[in-house]
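A short reminder: the numbers here are calculations on the coordinates, not readings from a lab. Just so it is clear, the structure is predicted and the values come from calculations on it, not from any experiment. Quick reminder, even Gly has a Cβ in these numbers, built from the backbone with ideal geometry, and neighbours come from all protein chains shown.
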Amino acid sequence: MRYIKKALSYFCICMMPLSIYTPQPDTAKTRVALFGGSGHYALIARGCSDEEIVHKKSIPFTEFGGSVDQKVYKNIRLGFKAQTTRDLKETSHLDENHKRVYTYSGRRGFIFSPFLSISFKYAGLGLSGNYTTNSLKVGEYTEDFKPHDRFGGGYLRLGPPSFYFRYSVFYDYPLYLNGMSTFGFGSNRIRNLNVWLGITSGEYDGSGFLLKGVYRMSRMLELNMTLRLGQSNGIRENAFGAGITFLMP
């Protein structure tokens, strides 16, 4: 956690001297986004104590999806997000020597979410509903959501776009890449660039560092990039993703 705290400190310091850039107001009535990502998370079986590691495995994943949202009234938007995810499912059994044997098979899941967002200058709020065909591991050791579960999500932003705090739960897609829960600080003080730096957890065994950037290429096009760095019990939990958003007047 030490390097994450240092990264957050450096981010805040670097943003202070920059001249404030006020972006053009959000005039896009419709947004259409495509995104994808890949990485690894740790699947760890523990014994009676947290320190007792019975079994651990690095699980690769890939995910692709998209979203569409529409401005329905001034600063209110309604939309829909969906993604497909591919990773490994773990099963185990006892062999003839009563030793537990672990096997892995590919699995493909689907997650979708209708959402509502309201944005003001000094605050923003989003609410979503989610449905998953796969189990989702929210905590470090348990799968909190089973296949075909329905659950809510959302985000809260405090502060103007020039420097703000943002917290989200089950809201940012792709869901594996971003993590089930994120919090951190963002800024758009650099022209045409919005940068966010924070901490993420969920699906991954441990928490990690998350860096996100949105670059406004033109009035009708945005480029999105996300990097996740972390590790748990010697297993790297890193991921990278990118996306593109079309802005339609």
Relative contact order computed over region 86-206 (Cα-Cα under 8 Å; 6+ residues apart), in percent: 17
Among PRO249, ALA239, MET225 - extreme Cα towards positive end, dipole of region 189-249, charges at beta-carbon: PRO249
Taking GLU52, GLU237 and counting other C-beta atoms within 10 Å, the order from fewest to most: GLU52, GLU237
Relative contact order of region 61-106, defined on C-alpha pairs under 8 angstrom at six or more residues apart (%): 32
Environment charge at ARG107 (Cβ cut-off 9 Å; Lys +1, Arg +1, Asp -1, Glu -1): +2
Rounded to whole Hz, the Karplus (6.51, -1.76, 1.60) HN-Hα couplings of region 33-45, x for glycine and proline: 10, 10, 8, x, x, 8, x, 9, 10, 8, 10, 10, 9
Whole-Hz ³J(HN,Hα) from phi, Karplus 6.51 cos²θ - 1.76 cosθ + 1.60, for region 121-131, glycine and proline x: 5, 9, 6, x, 9, x, 10, 8, x, 10, 9
